[in-house]
1. Give the number of residues within segment 93-148 that are part of a loop (DSSP other than H, G, I, E, B) and either touching a residue at least 60 places away in the same chain (Cβ under 8 Å) or farther than 17 Å from residue 49 by Cβ (or both).
2. Looking at segment 20-36, which of its residues are part of a helix (DSSP H, G or I) and more than 14 Å from the chain's Cα centre (by Cα)?
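Values in this text are rule-based calculations from the coordinates and carry no lab data. Computed from a predicted structure; not experimentally measured. Cβ: placed from backbone, ideal geometry, glycine included. Neighbour counts: every protein chain shown.
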């Protein structure tokens, strides 16, 4: 089992208030605990994945993967979470291009592809569906650029 990310893994540049907020929200939580916390209020916690440092992001990537696999519109789902998570993944990929291992790159590609496939057939408004698909397509393209 991997060790929990430390505070410096959330805020490697020391002093990023958003990264410190992510630490406050997720620091010391297991993957299952992090998932449970995220599901309590995804609209509140979604941006934490955008601002946490790379090591913390990779550790908690299973939270994003599971959420996007399991979320259903009838669960009072708001499309904003899927859209913002796409933005968070894209932001992490842009910032940490050189740190993306083959394994993580493959996982992120699979996440993009499965999210695109799943949300194409979800019962959402066309506007919401288009916004989510546009973001995850953009994220997939950014990932492809980094892996060349």
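1. 8
2. 20, 21, 23, 24, 25, 32, 33, 36
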